[in-house]
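See structure below.
The values are calculated or read from the model by the stated rules, or taken from the named source; none is laboratory data. All values reported here derive from a predicted model rather than from experimental measurement. We place every Cβ from the backbone using ideal geometry, glycine too, and count neighbours over all the protein chains shown.
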There are 2 protein chains.
Amino acid sequence: MSLKLFVIGCGSATPVGQRISSAFALKKASEYFLIDCSEGTQMRLKPLGIRMNKISRVFISHLHGDHYFGLVCLLSTLHLFGRKEPMHVYGHAPLKDIIDLQMKAGNTTLCYPLHFHEIKPNQATVIYEDETIVVSTFPLLHSIPTNGFLFQEKKRAVNISKSFVEKYKLSSKEIYHIKNGNNYTDKQGNIHLFEDITSPSPYKPKSFAYCSDTAYYEDIIPYVKGADLLYHETTFMDDMKDVALDKLHATTSEAATIAQKAEVKRLLIGHYSARYSSTEPMLNEARKIFPQTIAAEEGLIIDI
Amino acid sequence: MSLKLFVIGCGSATPVGQRISSAFALKKASEYFLIDCSEGTQMRLKPLGIRMNKISRVFISHLHGDHYFGLVCLLSTLHLFGRKEPMHVYGHAPLKDIIDLQMKAGNTTLCYPLHFHEIKPNQATVIYEDETIVVSTFPLLHSIPTNGFLFQEKKRAVNISKSFVEKYKLSSKEIYHIKNGNNYTDKQGNIHLFEDITSPSPYKPKSFAYCSDTAYYEDIIPYVKGADLLYHETTFMDDMKDVALDKLHATTSEAATIAQKAEVKRLLIGHYSARYSSTEPMLNEARKIFPQTIAAEEGLIIDI
């Protein structure tokens, strides 16, 4: 099972009609990582088939409201639903104060453990790792400290042939031991070499890079290099390049150029300025430079 | 022109489907007072015909998230829209810190003046007054400091007969002088008595009382007495009276009893628990005690 990305919201700072601001969910196995969480995010989960309680971690790229105003709302609702499982939030330091202050004002002590993991701006570092995935962060170029995220699946464990497992009636513990690179000694004392009894998994690990708000910034290329999917903001089209630069946002061609130079497989654009009611012109502009471009739309689900 | 109430959201703490939590707008002439502001409020304004920039004041009853999580979002959007007019926010002291902290985190200095007016819990007092309306606040009975609001139109100025105005070619200044209770002396020195040249306005000033989150609490009766419209929360139906009391919320019959004892003209119920998908059973229960009950529904507009 590979990674799936759910576009929950892809507008920029001001909500337009029913288009909400940045919010994405990355599904791995049965859990979800939430990436940014704008106002209204929690109301969009159910229609997308995302069970709120299956969100295990939330990654907030920066503290402009269109990227996090829905977070405290979501955390409160999970409390009211009686969540027991821990929740992990990754963000810049003031986010913890913001959460704490609002909980205190409501005299609320969350009924589940909330673990806050501070992201240091200007640091490229691993912030989470488990058996299947590594999440790292890297700096973007915006008007306040802003971080991108890279989600990289790990190589899958080797396969052991079914017939070998059955012949020697291998226990889970023995399988785990072999998969960790060890030889197997059977009851007769015969040694079966690791490389003889295993084969590499044919699965190619996938990666997703997320660049929320940023000006054109070639420094990110080494981090997003070769990603299966790169989300890169495109607040403006090219005719507004100067405005984009002034506000430290990117244009469609700039995002496409980063995608091209980083040799990613596919580019997902979003964070559209409220002035654009249709994504088609933006998509066309980006595709001139990078044909494998997809336009984010609320409700879009992408198999990475 | 009388007061108009817009129901923007009327759910309780957890959003259900597309039903959002507490948010109301009171229209007087061409301006709006926002009363509570839950997550998603700003997205519901346009469909109701409410121009965001016409909101002059926001009254927040208490600091449970379902009553204010949409406020910072709205204030931010007004900033992005380049508002120039001042905005007045009335709420308990921590709300100011919550706003300030989030603005600071986003490195945002609002481009319009934001005036914060602290509501002291446990105080019944006038918090705003202009030529046409008086707004006062009074304590409710809830798990954190919570205030109700009473919006009372003032008596309208007396009328001066059109023929008298024309005959003596009265200036605006002279009209204003007479309306303030003075006699008029014409150029010949004749004195025209105030009571002879004016008649009382036939308009009956209206009043709206708002009781957001509260247990059954007879202490509020003197404040809401005789209101043209009383909004009183009904989180639960009567079979959950014990739960209501435990959570310091009210049931349908309790709201209706307050309405009856306070001899209000009409009762508006809302703040429904997520367990109720239809308002009909609640309405029926309340109407047994107070027949002039209306059930709040998103998008409902009431001429007070």
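The table below lists the values:
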{"item": "Tally, over region A:1-21, of residues that are polar (S, T, N, Q) and under 26 Å from A:P205 (Cβ atoms)", "result": "1"}
{"item": "B:L75 at pLDDT 95 or above, buried (at least 17 other Cβ atoms within 10 Å of the Cβ) and under 13 Å from the mean Cα position of the chain (by Cα)", "result": "no"}
{"item": "Filter pass, A:Y168 being hydroxyl-bearing (S, T, Y) and either at pLDDT 95 or above or in the same structural domain as A:L34 (by TED's automatic domain parsing) (or both)", "result": "no"}
{"item": "In region B:134-162, the residues that are touching a Lys or Arg at 6+ places or on another chain (Cβ under 6 Å) and at pLDDT 95 or above", "result": "B:E153"}
{"item": "Search result, residues across region A:56-70 that are in contact (Cβ under 8 Å) with a residue 40 or more places away in the chain, small (G, A, S) and away from chain B (no Cβ under 11 Å)", "result": "A:S61"}
{"item": "Output for region B:109-147, where each listed residue is surrounded by 18 or more Cβ atoms within 10 Å (Cβ to Cβ) and among the polar types (S, T, N, Q)", "result": "B:S136, B:T137, B:T146, B:N147"}
{"item": "Residue in region A:219-234 that is in the same structural domain as A:C10 (by TED's automatic domain parsing), within 17 Å of A:H67 (Cβ to Cβ) and assigned to a loop (DSSP other than H, G, I, E, B) present", "result": "yes"}
{"item": "Condition check for B:V135: within 14 Å of another protein chain (Cβ to nearest Cβ), under 29 Å from B:M43 (Cα atoms) and out of contact with any Pro (no Cβ under 8 Å at 6 or more places or on another chain)", "result": "no"}
{"item": "Any hit, region B:228-251, residues being within 26 Å of B:V158 (Cα to Cα) and crowded, with 18+ Cβ neighbours inside 10 Å", "result": "yes"}
{"item": "Region B:28-44, subset surrounded by fewer than 22 Cβ atoms within 10 Å (Cβ to Cβ) and free of Cβ contacts under 8 Å to residues at least 40 places away in the same chain, residue nearest to B:L75 (Cα to Cα)", "result": "B:E31"}
{"item": "Residues (of a type outside the set (A, V, I, L, M) and either surrounded by fewer than 21 Cβ atoms within 10 Å (Cβ to Cβ) or out of contact with any Phe, Trp or Tyr (no Cβ under 7 Å at 6 or more places or on another chain) (or both)) located in region B:80-90", "result": "B:F81, B:G82, B:R83, B:K84, B:E85, B:P86, B:H88"}
{"item": "Residue within region B:118-125 that is more than 26 Å from A:C73 (Cβ to Cβ), modelled with pLDDT of 95 or more and either within 17 Å of the chain's Cα centre (by Cα) or within 14 Å of chain A (Cβ to nearest Cβ) (or both) present", "result": "yes"}
{"item": "Filter pass, B:F138 being assigned by TED's automatic domain parsing to the domain that holds B:H232, within 22 Å of the chain's Cα centre (by Cα) and either within 30 Å of B:K187 (Cα to Cα) or not in a loop (DSSP other than H, G, I, E, B) (or both)", "result": "yes"}
{"item": "Within region B:79-101, tally of residues that are among the hydrophobic types (A, V, I, L, M, F, W, C), more than 10 Å from chain A (Cβ to nearest Cβ) and within 27 Å of A:R275 (Cβ to Cβ)", "result": "1"}
{"item": "Some residue of region B:101-112 being of a type in the set (G, A, S), modelled with pLDDT of 95 or more and out of contact with any His (no Cβ under 9 Å at 6 or more places or on another chain)", "result": "no"}
{"item": "Region A:18-35 - residue that is within 14 Å of chain B (Cβ to nearest Cβ) and in contact with a strand residue (DSSP E or B) (Cβ under 9 Å, 6 or more places away or on another chain) and, of those, nearest to A:I304 (Cα to Cα)", "result": "A:A23"}
{"item": "From the options B:K288, B:K261, residue that is in the same structural domain as B:P15 (by TED's automatic domain parsing), modelled with pLDDT of 95 or more and in contact with an Asp or Glu (Cβ under 8 Å, 6 or more places away or on another chain)", "result": "B:K261"}
{"item": "Region A:6-17 - residue that is surrounded by fewer than 23 Cβ atoms within 10 Å (Cβ to Cβ) and in a strand (DSSP E or B) and, of those, farthest from the other protein chains (Cβ to nearest Cβ)", "result": "A:F6"}
{"item": "Test for B:I221: is it within 14 Å of B:P139 (Cα to Cα) and of a type in the set (A, V, I, L, M)", "result": "yes"}
{"item": "Residues that are farther than 20 Å from A:V16 by Cβ and either within 10 Å of chain B (Cβ to nearest Cβ) or not in a loop (DSSP other than H, G, I, E, B) (or both), drawn from region A:40-55", "result": "A:L45, A:K46, A:M52, A:N53, A:K54, A:I55"}
{"item": "Single condition B:A157 does not satisfy, out of (1) closer than 30 Å to B:A25 by Cβ; (2) outside any loop (DSSP other than H, G, I, E, B)", "result": "(2)"}
{"item": "In region A:160-192, the residues that are in a loop (DSSP other than H, G, I, E, B), more than 28 Å from the chain's Cα centre (by Cα) and surrounded by 10 or more Cβ atoms within 10 Å (Cβ to Cβ)", "result": "A:S161, A:Y168, A:L170, A:S171, A:G181, A:N182, A:N183, A:D186"}
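A quick yes/no check of all residues on (1) of a type outside the set (F, W, Y); (2) under 26 Å from A:K225 (Cβ atoms); (3) out of contact with any helix residue (DSSP H, G or I) (no Cβ under 6 Å at 6 or more places or on another chain):
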site: A:F151; (1), (2), (3): no, yes, yes
site: A:K155; (1), (2), (3): yes, yes, yes
site: A:N159; (1), (2), (3): yes, no, yes
site: A:Y168; (1), (2), (3): no, no, yes
site: A:I178; (1), (2), (3): yes, no, yes
site: A:N183; (1), (2), (3): yes, no, no
site: A:F194; (1), (2), (3): no, no, yes
site: A:I197; (1), (2), (3): yes, no, no
site: A:K204; (1), (2), (3): yes, yes, yes
